[in-house]
Each structure stands twice: as structure tokens, then as C-alpha cells.
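The values are calculated or read from the model by the stated rules, or taken from the named source; none is laboratory data. Values in this document were obtained by computation on a predicted structure and should not be read as measured data. Neighbour counts run over all protein chains shown; Cβ positions are idealised from the backbone, glycine included. With ligands, DNA and RNA removed, areas are computed over all heavy atoms of the protein, side chains included. Shrake-Rupley method; radii C 1.70, N 1.55, O 1.52, S 1.80 Å.
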Amino acid sequence: MRLALTAITDELRRLKAGGVVSVSVSDEGLAALRGAVRASAAPPADRPPEAPPARARAIAERAAVAPAVPVPVVSLPAGNKRARWEALHQLVVDDPVCRAKLRPGKKVVLGVGDLDARIMFVGEAPGAEEEVQGEPFVGPAGQLLNKMISGMALSRAEVYIGNIMNWRPDLPVGADGVQTGNRPPTDAEMAHCLPYLRAQIEIVSPGLLVALGASAAKALLGPKAFGALGEVRGRWHDFGGLPLMVTYHPSYILRNPTNRTKRLIWEDLLKVMERASLPMTDKQRAFFL
Ligand code: URA
């Protein structure tokens with residue numbers, strides 16, 4: 001049994017190295033895994049079983065239990081883009097599920113940027129800085145995203161940046177009441193927030209979408225569309241008639257800052273520039289993030 005678990009762990013490490021930040025596991029699969037872990041880690045009868053680390057347990061439980069979360073039906077009012085965006089923001093603020101998921105004092109996060117943008121970036125979920133400021137990509141991953149955008153000779157204000165999720169997926173807090181670290185959203189959580197992203201796409205009406213990382217790709221392409229991110233990264237896909245490029249999440253580059261990963265993400269962005277008919281210099285072609 002230990003051998004099988006080692007093989008699974010090795011495979012997960014391999015996927016992680018390839019850019020995958022989450023994998024779907026069916027309820028049955030998870031129950032089987034839990035049984036195997038319990039069997040292989042069974043303590044001697046005279047020793048009480050140890051609790052798994054709280055964070056790992058919380059991630060596994062959220063993925064496994066994934067309670068049915070109602071999917072909102074979004075109906076946007078008539079009006080100009082700004083008025084429709086404001087109305088959408090209010091819908092998210094008032095959404096009982098979003099409200100229930102927020103920690104005290106934290107904010108829901110909707111996209112930001114030019115409502116006439118040609119390019120819309122889609123990330124995963126707010127992190128610590130984002131839930132405080134109520135704005136996507138304002139932490140370390142956001143700094144790198146800004147750098148990627150300026151490499152394209154654009155500014156943050158000239159594109160639209162959204163997330164699949166409108167709240168920061170929860171993990172147990174420490175004694176100080178502060179959450180350390182992030183977890184990928186569950187399929188049910190993403191399904192709940194997707195209508196709000198669709199509504200932003202409807203308002204902005206961009207020429208193309210860029211999915212940053214596996215969660216965004218999974219939400220936009222479907223939970224069963226791929227196993228490893230490498231299967232869909234760097235290629236054009238379709239999302240409701242819009243061209244969709246899948247690339248790495250900036251956080252992945254922060255964790256793996258090799259020339260190879262930087263060049264790969266930049267090559268994806270060159271394809272985006274080409275598709276968006278942006279001018280491209282030789283310097284940009286040879287650029288490394
Ligand atoms: N990562 C994301 O995917 N989105 C954010 O807003 C911040 C970090």
C-alpha cells in the first residue's frame with residue numbers, strides 16, 4: 001500500500017513541477033485514498049492516531065466534501081458599461097454565499113481595469129492582499145503580472161484583470177486569527193463564482209481571454225478538460241466564441257523562476273500580442289520576464 005501511495009505522491013510532484021496547482025479527485029477516489037492512508041499509517045494499538053496537519057486536512061476536506069453551492073443567476077441591468085459593472089459589483093457584495101465566505105473586515109473582489117479592454121486576464125482567487133484591498137492581483141503575483149503586462153507595452157489600466165473567485169478560499173486561521181497560505185478553490189466554489197466572471201466578460205466584451213494557471217483554465221475549459229496544465233498551455237482554446245490562451249499563473253513563475261518557465265510564459269504572451277494585433281518589436285520577441 002505504501003508503494004502505491006509513493007507512486008501517487010511522485011505523480012503529484014511531477015504534475016506540480018509541470019505547473020499543475022490542483023487536481024480533481026472524485027469522492028470515491030478520495031475515500032479510497034483516505035482508507036489507504038489510514039491503513040498505511042495505522043499506529044500501534046497502544047498509541048492514539050495522530051491528526052494530519054490542519055492545513056492538509058482542510059484542503060482535503062474542502063475538496064472532498066465540496067457541498068453543493070447554489071449557482072447564482074446574474075441578470076445585468078441596461079445602461080452603460082460602468083453602470084452595469086457597478087450593478088454587478090453590488091450583486092456580488094450582496095450575494096449570501098459570498099458574504100458567508102468572507103472573513104470579518106475582508107472584501108469581495110471583482111475584476112479591475114479598462115471596461116473596453118481587448119485583453120482580459122483571468123486568475124484564480126484573491127489572496128491575503130487582495131481580500132484586504134478588494135482588488136485582484138495587488139500582491140507579489142500581481143507585481144509580476146504587472147511586469148508581464150508592461151512587457152507587452154501595455155499598462156494595467158489598459159487591460160482587464162479578473163479572477164474566477166470573488167473571495168479568498170478559506171483555510172483554518174492561526175491563534176492570531178490570521179490565515180496563512182492559500183488553497184485552490186473547489187469545483188463547487190468556482191461554479192458559484194463563474195456566472196460573475198461571465199457577466200464581466202459580457203460587460204467588457206474583450207477580444208480574447210488569457211487564463212492564468214490551472215484553476216482558471218479548469219473553470220473556463222471544464223473540470224475534465226485536462227490532467228496536467230502542460231496539455232493545454234500555450235495553445236488557443238474557445239470560451240463561448242472567444243479565443244482563450246492558457247498560460248502559467250504568475251505565482252508559478254515566482255516559485256519556479258527559471259529562464260525556461262519565464263521564456264515559456266513570455267512566448268504565450270507573444271501569441272496573445274499577435275492575436276490582439278499589438279505591435280511587436282525585436283526587443284519584445286527576445287524578451288525574458
Ligand atoms: N492570484 C490570483 O489568481 N488572483 C489574485 O487576485 C491574486 C493572486
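Numbers at a glance
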{"read-out": "Accessible surface, 1.4 Å probe, highest first, among residues SER277, SER155, SER215", "value": "SER277, SER155, SER215"}
{"read-out": "Contact order relative to length of the stretch 110-166, as percent, for alpha carbon pairs under 8 angstrom and 6 or more apart", "value": "57 percent"}
{"read-out": "Order by protection proxy (mean Cβ within 10 Å, highest first), peptides 140-147, 169-176", "value": "140-147, 169-176"}
{"read-out": "List GLU130, GLU202, ordered by accessible area with a 1.4 Å probe, largest first", "value": "GLU202, GLU130"}
{"read-out": "In Å², nearest 10: area of MET280 left accessible to a 1.4 Å probe", "value": "50 Å²"}
{"read-out": "Shape call, the stretch 186-289: gyration tensor on alpha carbons, a/c limit 1.5", "value": "oblate"}
{"read-out": "Estimated vicinal HN-Hα couplings, Hz - the stretch 130-135 in sequence order (Karplus 6.51, -1.76, 1.60; Gly, Pro = x)", "value": "5, 6, 7, 8, x, 9"}
{"read-out": "VAL71 - accessible surface, heavy atoms, 1.4 Å probe, Å² rounded to 10", "value": "80 Å²"}
{"read-out": "Paired Rg and Dmax values of the stretch 117-267, which use every Cα atom, in angstrom", "value": "15.0, 48"}
